[in-house]
Amino acid sequence: MEILKHVVMDHFAQRRNWLTNIEVRVKLFYIGIGLVLNILSNDITLPLLFFVTSLILLMTIKVSFLTLGLRMMMPFLFGIFIMIIMGLHKGETVVLSGTLFGYELAFKKEGLQIGLLLFTKVAGGVMLMLLLSFTTTITKICMAARWMKMPETLIEVLSFVYRYLFLLIEETETMMSSQRSRLGYVTWFKTIKSFGSLGGMLIIRSITRAESAHVAMVSRGYDGGRVLTVQLNPLVRSDYALFLSCGVLLTFLSYLGFFW
Amino acid sequence: MKKILLGISIVIALLLLPHVAYAMHITEGILPPKWVIFWFVLVIPFVVIGTFRLKKKKKVVPGFLPLVGLVGAAVFVFSCFPIPVIGLNGMATAHPAGTGMSAVLLGPFVSVVIAGIALFIQALFLAHGGLTTLGVNIFSMGVLGSFSGYFAFRLAQRMGLKLFWCGFIAGVVSDLCTYMGTSIGLGLLVFEGDESFSVAMMHSAKAMLEIFVVFMATSQGPLCIAEGIVVGFALSYVYKVRPSILYNLRVIKEQ
């Protein structure tokens, strides 16, 4: 269950620093624009710019290279995989060829170039997402989603899932260590069987807990309305200044020829 | 030259193996804008119908929303189980998709919503998947995974199979379809507009097949079977301990 520990990276967003203090709607606006420009870019400069800028910003709030490296590992591997797929399927100029298990393989220059562009887009895009998740709590994202008139039901389910995720992770880890002490993971079949009963137990616990959560909510005045009652503060002058600076930045980048 | 290619392939395979299960989520930045729009347009109706069903059920059964949230969280945790991949001698673990299970418990449309939320959390907090690739990931894991798992379960029930085997088939089929969806999403990347449609489709189909074979040949083939067994055992366990849960969720009919 090691991977679950990574879920608890919300604690970075809970800290108070200059990036977490920025209004959530401003952050979402910047990240959103960044992600769109990232997938629209035709050369590697802009994705690399996003990657480096986000990295520097995260460094300023003391996020370690190791933490970032762990998050970036899987996307990077995926990027390499895509580079190979593109190298094999796109373009004409063969740079490397051979057979593997009787299968003809030929890497083409143009395909590898497209693959490299996609790789940098992965790096830039993922780093932008990490910039958001390391500096914004899910509660704030939910509040911003409501401000953007996203369906209330979706926001409520998201809040519930996130609220109870940590609780269920803890319970699962306790159950797993009990199973382990009773030799529940010594063979492959025993492992699968243990996971099966663990999965079953998780369903039972979640449903029992849902019933008691609902009773508790009703006793606290819940009548099927909003779960999230906190509202975002109105935007202030500094937030508008940040919105405006985005426009100035885009014009500047456009002048430098980043987009066409 | 052959040795170089073989070497590259082995290194990549070794790099990919320990975490390959998360390859089911297409990562941020991979899709060009036209495919981003295409996949979002494709999945929006499913998400809208799922949300409406949730809203409607919430009015009739007030405790339904906490139930969906908690079952969603449970399925999220379930999808993080590190299942050892048989044949690799414990070298690698893979993670189930979990959508088969949620579709059986909550129905396919609600399961699409749950998958969408799980993918959103994973994209932001685990850097698995992405925001611009949310559409294609919801398609493969949410739509294909949920609907195939649900209908496989119902078909197995109609054939009179025991609950374990119904769960097994749902788990296997939903996992297979999820990977098929990811392969389609990635294979379409090599689709080129300047080629004739049939040639471009041939290229894409070849790429899809190759990607699917790479997924299946590494750890996902055995994982499908493992996920099926785990889902089967999990449903049997619930039936043994608290059958009323399965009756209330209309997974099985009360005898």
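No lab work stands behind these numbers, since they all come straight from the coordinates. Note that the structure is a prediction, hence the values are computed from the model and not measured. Cβ coordinates were reconstructed from backbone atoms using ideal geometry, including for glycine residues, and neighbour counts include every protein chain displayed.
Structure notes:
- Chain A: calculated mean residue ellipticity at 222 nm from DSSP helix runs of at least 4, using -39500 (n - 2.57): -24000 deg cm²/dmol
- Among the listed pairs A:Lys62/A:Lys121; A:Lys149/B:Lys57; A:Lys27/B:Lys34; B:Lys57/B:Lys162; A:Lys121/A:Lys190; A:Lys27/B:Lys206, those beyond 31 Å (Cα-Cα): A:Lys121/A:Lys190; A:Lys27/B:Lys206
- When the GluC sites (Glu not before Pro) in segment B:194-255 are filtered for DSSP coil states and for at most 11 other beta-carbon atoms within 10 Å of their beta-carbon, the remaining sites are B:Glu254.
- Between helix B:64-78 and chain B: long-axis angle, C-alpha atoms, 0 to 90°, nearest 10: 40
- B:Lys206 versus B:Leu161: modelled label distance in nm, points set 7 Å from Cα along the beta carbon direction: 3.6
- With K and R counted +1 and D and E -1, the other residues having a Cβ less than 9 Å from that of A:Val94 yield a net charge of +1.
- Length released on extending from A:Ser254 to A:Arg16, taking residue separation times 0.36 nm less the Cα-Cα span: 82.3 nm
- Cβ crowding within 10 Å ranks A:Met86, B:Met208 as B:Met208, A:Met86, fewest other Cβ atoms first.
- C-alpha long axis of helix B:163-187 to longest principal axis of chain B, angle in °: 30
- Take the Cα of A:Leu57, go 7 Å toward its beta carbon, and the backbone nitrogen atoms of segment A:11-30 under 17 Å from that spot belong to A:12-30.
- As a proxy for reagent exposure, ranking A:Thr136, A:Thr53 by other Cβ atoms within 10 Å from fewest up yields A:Thr53, A:Thr136.
- Label zone at B:Leu42 (point 7 Å along Cα-to-Cβ), backbone N below 11 Å, segment B:115-137: B:135-137
- Peptide A:129-137 shows a mean partner chain C-beta count of 3 within 10 Å per residue C-beta.
- Point-to-point label distance, A:Leu48-A:Leu244, nm (Cα→Cβ direction, 7 Å offset): 3.4
- Inter-site label distance for A:Arg180 and A:Leu100 at 7 Å from Cα along Cβ, in nm: 3.5
- Of the trypsin sites (Lys or Arg not before Pro) found in segment A:78-159, the ones in coil according to DSSP and having at most 15 other Cβ atoms within 10 Å of their Cβ are A:Lys149.
- Among A:Arg180, A:Arg220, sorting on how many other beta-carbon atoms sit within 10 Å of each Cβ, with the fewest leading, yields A:Arg220, A:Arg180.
- Positive minus negative residues near A:Thr136 (Lys, Arg vs Asp, Glu; Cβ under 14 Å): +3
- Whether segment A:151-229 is rounded, prolate or oblate, judged on the alpha carbon gyration tensor where a/c under 1.5 counts as rounded: prolate
- Applying a DSSP loop filter and a limit of 14 other Cβ atoms within 10 Å to the trypsin sites (Lys or Arg not before Pro) in segment B:141-240 leaves B:Lys162.
- Rounded to the nearest 10 degrees, the inclination of helix B:221-241 to the longest alpha-carbon principal axis of chain B is 10 degrees.
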